[in-house]
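Written below as structure tokens is the structure these notes are about.
The values are calculated or read from the model by the stated rules, or taken from the named source; none is laboratory data. Predicted, not measured: the structure shown is a model, and the values here were computed from it. Counting neighbours? That spans all protein chains shown, and the Cβs are built from the backbone with ideal geometry, glycine included. The protein model used for the area step is the full one, side chains on, heavy atoms only, and it has no ligands, DNA or RNA in it. Shrake-Rupley method; radii C 1.70, N 1.55, O 1.52, S 1.80 Å.
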Amino acid sequence: MLESFLNTKPLYYNEIDYERMPRVYATIKKNLKLPKIIHIIGTNGKGTTGRFLATALYSLGFVVGHYTSPHIKKFNERIWLNGSNVEDVTLSSAHTQLLSFLTKEDADSLSYFEYTTLLALLVYQECEYVVLEAGLGGEHDATAVFENILTLITPIGIDHEAFLGNTIEKIATTKLSAIQKHAIVGKQIESDVYKVADKIAKEKHVEIKTYAEFLNNSDVEKIKKITSKLNLAEYLQENLSLSIAALKFLNIAYEVENFQEAKLFGRLTQFRENIIVDVGHNALAAQRVYESLKGNKYILVYNSYKDKDYKKILKILQPLISHVEIIKVEDARIESQNKLEEVMQNLGIDYRDFVTIQRQEKYLVFGSFSVLEKFLKVVDE
């Protein structure tokens, strides 16, 4: 029932009605019991930061939800509850309940992401903490309508320019304008993010601190141990540090063991001995991957959405690439293969179509959640 209902809603829009979610939420707010919400905004690293924090809170005995998107194989991945993806029966019950709160007009008009955000909050009614990850936006994101106790800001870079702006300053302003009371800024590559944070702190009279302000020498040692145990890339260690800063803000003591189940699949994950997979899809993610893997060579299994700067992405990854294998993805937003091939020709990158995996070769799968989803379907067949 839920699957067929969501299939009537497009996953992506060329335009977004920013007034719809606040209006609809206001009509059903009385039916929802909000837990303590930690809101995560940023361009990259939201998923891993959220999973580090949610896993630690759950390990410490709290009832915890983590709302993340998009999913790779199954919708349930978006709504994590107490260590596991939500069960189908729980989703079905929440869907029935949500439809009873909404008028048919509102239920039909809500976007895919807006509806599933409300659905998640119904699933999370009995939670003590919910880590709520924004979609592509900030102040106008569907997740921003709920009152929260803390905002975490992961690295901000150029992405979704049509909705957020075409400069770091514009994008950071849109995202950081979602801050309600308190915020912690994770490590940023772009210094303009810090400038925007200072400006917004003054204009909105909110408290914004950096993650480093919360960490002492003991935390630094614990972060090193967790990084070693989980075999984390450097940029994932930064996301871990931000999640620990959140625990310190909440005055919650933790140990290394509280993070032992904290890895999120698809974030520089060693899928097989010769295959690394990553759901990154922008230049900032490509730079992070390059820094983590430089000195090695891989066959890059790749495709790209039309609105991504795939020329810049491929140029960043080029030192890692022996050749590219283009994987076919059925999605209206995917760039035409001719245009991808033209860019690779201009960069001097050898390419061909992806067919299958060779055991003796090393692979890096990169480009988007859709690329990884299609790759997993192919290798599982």
- request: Show the residue pairs that are 6+ apart or on different chains and have beta-carbon atoms under 6 Å apart, the first residue being within region 49-70 and at pLDDT below 95, the second being outside any loop (DSSP other than H, G, I, E, B) and buried (at least 19 other Cβ atoms within 10 Å of the Cβ).
  value: Ser69/Arg78
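Taking region 253-266 as the region of interest, how many residues are part of a loop (DSSP other than H, G, I, E, B) and either aromatic (Phe, Trp, Tyr) or open to solvent by 40 Å² or more (accessible area, probe 1.4 Å) (or both)?
Filtering region 253-266 down to residues part of a loop (DSSP other than H, G, I, E, B) leaves 253-255, 260-266.
Then keep just the ones that are either aromatic (Phe, Trp, Tyr) or open to solvent by 40 Å² or more (accessible area, probe 1.4 Å) (or both); that gives 253-255, 260-261, 263, 265.
So the count comes out to 7.
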message: Just the residues that are closer than 24 Å to Arg288 by Cβ, open to solvent by 20 Å² or more (accessible area, probe 1.4 Å) and either free of Cβ contacts under 8 Å to residues at least 12 places away in the same chain or touching a helix residue (DSSP H, G or I) at 6+ places or on another chain (Cβ under 6 Å) (or both), please, taken from region 195-211.
response: Ile208, Tyr211
query: Out of region 97-125, which residues are within 13 Å of Lys29 (Cα to Cα), open to solvent by 10 Å² or more (accessible area, probe 1.4 Å) and hydrophobic (A, V, I, L, M, F, W, C)?
result: Phe101, Leu102, Leu122
- request: Output the residue which, of all residues in region 75-97 that are over 25 Å from the mean Cα position of the chain (by Cα) and not β-branched (Val, Ile, Thr), is nearest to Ala262 (Cα to Cα).
  value: Ser93
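Among the residues of region 213-228, is there at least one that is of a type in the set (Ser, Thr, Tyr) and crowded, with 21+ Cβ neighbours inside 10 Å? Full working, then the answer.
Let us first name the residues in region 213-228 that are of a type in the set (Ser, Thr, Tyr), namely 218, 227-228.
Keeping just the survivors that are crowded, with 21+ Cβ neighbours inside 10 Å gives none.
No, region 213-228 contains no residue that is of a type in the set (Ser, Thr, Tyr) and crowded, with 21+ Cβ neighbours inside 10 Å.
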message: Given the options Ile153, Ile179, Ile189, name the one that is under 22 Å from the mean Cα position of the chain (by Cα) and open to solvent by 10 Å² or more (accessible area, probe 1.4 Å).
response: Ile189
- line: A careful count of residues in region 18-42 that are aromatic (Phe, Trp, Tyr) and closer than 19 Å to Lys104 by Cβ gives 1
- prompt: Quick one: is Tyr12 open to solvent by 50 Å² or more (accessible area, probe 1.4 Å), within 27 Å of Ile189 (Cβ to Cβ) and aromatic (Phe, Trp, Tyr)?
  reply: yes
message: Just to be sure I understand, how many residues within region 96-114 are under 24 Å from Glu15 (Cβ atoms), in contact with a Phe, Trp or Tyr (Cβ under 8 Å, 6 or more places away or on another chain) and modelled with pLDDT of 95 or more?
response: 1
query: Exactly one of (1) under 29 Å from Glu190 (Cβ atoms); (2) open to solvent by less than 20 Å² (accessible area, probe 1.4 Å); (3) of a type outside the set (Gly, Ala, Ser) is unmet by Ile299. Its number?
result: (1)
field: Residue match in region 304-319 (condition: touching a Lys or Arg at 6+ places or on another chain (Cβ under 9 Å), surrounded by fewer than 22 Cβ atoms within 10 Å (Cβ to Cβ) and more than 25 Å from Ser69 (Cα to Cα))
entry: yes
- line: Those residues of region 340-362 which are surrounded by 13 or more Cβ atoms within 10 Å (Cβ to Cβ) and under 17 Å from Tyr310 (Cβ atoms) amount to Leu340, Glu341, Val343, Met344, Leu347, Ile349, Tyr351, Phe354
task: Only residues that are of a type in the set (Gly, Ala, Ser), surrounded by 23 or more Cβ atoms within 10 Å (Cβ to Cβ) and either modelled with pLDDT of 95 or more or within 20 Å of His323 (Cβ to Cβ) (or both): list them for region 268-296, please.
output: Gly280, Ala286
- request: Looking only at region 202-214, decide whether some residue is closer than 18 Å to Ile244 by Cβ, out of contact with any Ser or Thr (no Cβ under 9 Å at 6 or more places or on another chain) and outside any helix (DSSP H, G or I).
  value: yes
- request: Give me the pairs, please: first residue somewhere in region 348-370 and among the hydrophobic types (A, V, I, L, M, F, W, C), second residue anywhere and open to solvent by 80 Å² or more (accessible area, probe 1.4 Å), beta-carbon distance under 9 Å, and either six or more positions apart or on two chains.
  value: Phe354/Lys328; Ile357/Arg272
statement: When restricted to Ser100, Ser92, the only residue without any contact (Cβ under 8 Å) to a residue 24 or more places away in the chain and not aromatic (Phe, Trp, Tyr) is Ser100
task: Mind counting the residues in region 40-74 that are more than 12 Å from the chain's Cα centre (by Cα), buried (at least 23 other Cβ atoms within 10 Å of the Cβ) and not in a helix (DSSP H, G or I)?
output: 2
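Which residues, taken from region 132-147, are touching a Lys or Arg at 6+ places or on another chain (Cβ under 8 Å) and crowded, with 22+ Cβ neighbours inside 10 Å? Don't jump to the end; show me each part of the working.
Start the filter on region 132-147 by keeping residues that are touching a Lys or Arg at 6+ places or on another chain (Cβ under 8 Å), which leaves 133-134, 137-139.
Of everything in region 132-147, those that are touching a Lys or Arg at 6+ places or on another chain (Cβ under 8 Å) and crowded, with 22+ Cβ neighbours inside 10 Å turn out to be Glu133, Ala134, Gly137, Gly138.
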